Amino acid sequence: MAFVAIAMAATDGSLRAERVQGVVISCPSWGWEWGTDEMVATMRDLKEIGVSWVQIHPYIQIDREGSTSLRGMPEDGSAPEWLSRPIREAHALGLKIAIVPHVAGWRAGWSWRGDIAFESREGWRRFFESYEKSVVRLARHCRDADAFSVGSELDRTVAGHEREWRQIIAGARAETKAALTYGANWDGYRKIPFWDALDAISLSAYFPLVNHGRRPVAGELDAAWAKVHRQLAA
């Protein structure tokens, strides 16, 4: 999976253009693999084919009542090797690294992160209090990363909760100098009210490009993407 960033906000408020050739490095379990020698070898292989950024996605567990927690965290509060090593090794290889936490909600009955929502005020309170703690701790452990996302595809948690999200962003910014972002789903990026508090706009760009049943041709895909690009630029 590749991602491309065309501009990020600099500390003086200006826009700094940067083309990102990025690859998300996933894992078959909950993430301990990111701290292994095999991870280093993988990043080395990716650099050889032109990759400039890598991304990992630490999992945040959630139960049906809204409580969240980070997996594999030492009880003494220190950063686990599976988080600190990939950052250290990526930089040693001349790569940049992004940290994008994924809320794993399928075991709690949600089919994906975009379905997570709560019916009670208590559920919302429990979610935001625990999620803020999880994100802030993760940002602290990943303070040396180059980019950090405060959330991914949690668009149903946004409406009516701008204050809570801005508080999460402020908490993460206090812990890391990494550029901050939030990853909206392709159909929800226009509804995010806190883009101004972040350094970059991110989205899962699974835009539908054709609506017919036959195999699409390159020209019509290019035309569809051109329309998406115009909408995003606006």
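The values are calculated or read from the model by the stated rules, or taken from the named source; none is laboratory data. A quick note: this is a predicted structure, and the numbers were derived from the prediction, not measured. Positions of Cβ are backbone-derived with ideal geometry, glycine not excepted, and every protein chain shown enters the neighbour counts. Each accessible area value is taken on the protein alone, full model and side chains, heavy atoms only, with ligands, DNA and RNA left out. Shrake-Rupley method; radii C 1.70, N 1.55, O 1.52, S 1.80 Å.
Considering only residues in region 127-143 that are of a type in the set (D, E, K, R) and under 16 Å from the mean Cα position of the chain (by Cα), the one that is farthest from Ala174 (Cα to Cα) turns out to be Glu132.
Residues that are among the hydrophobic types (A, V, I, L, M, F, W, C) and closer than 17 Å to Ile99 by Cα were ranked within region 25-44; the one that is most open to solvent (accessible area, probe 1.4 Å) is Trp32.
Given the condition part of a loop (DSSP other than H, G, I, E, B), surrounded by 22 or more Cβ atoms within 10 Å (Cβ to Cβ) and at pLDDT 95 or above, answer yes or no: does some residue in region 128-142 qualify?
Filtering region 128-142 down to residues part of a loop (DSSP other than H, G, I, E, B) leaves 142.
Now restrict to residues that are surrounded by 22 or more Cβ atoms within 10 Å (Cβ to Cβ): 142.
From the residues that got through so far, the ones that are at pLDDT 95 or above too are 142.
Yes: one or more hits.
Among the residues of region 181-201, the ones that are outside any helix (DSSP H, G or I) and either within 16 Å of Ala139 (Cβ to Cβ) or open to solvent by less than 30 Å² (accessible area, probe 1.4 Å) (or both) come to 11 in all. Against the test of being among the aliphatic types (A, V, I, L, M), closer than 26 Å to Asp155 by Cβ and at pLDDT 95 or above, the options Val40, Val54, Val20, Val4 yield a single qualifying residue, Val54.
Just for region 45-70: of the residues that are in contact (Cβ under 8 Å) with a residue 24 or more places away in the chain and over 19 Å from the mean Cα position of the chain (by Cα), which one is least open to solvent (accessible area, probe 1.4 Å)? Looking at the filtered set, the residue picked out is Gly66. For region 71-117, a residue qualifies if it is over 23 Å from Glu38 (Cα atoms), surrounded by 17 or more Cβ atoms within 10 Å (Cβ to Cβ), hydrophobic (A, V, I, L, M, F, W, C) and in contact with a helix residue (DSSP H, G or I) (Cβ under 9 Å, 6 or more places away or on another chain), and the qualifying residues are Val103, Ala104, Ile116.
Among the residues of region 149-180, those identified as of a type outside the set (A, V, I, L, M, F, W, C), open to solvent by less than 20 Å² (accessible area, probe 1.4 Å) and under 16 Å from Ala139 (Cβ atoms) are Ser149, Gly151, Ser152, Gly171, Thr176.
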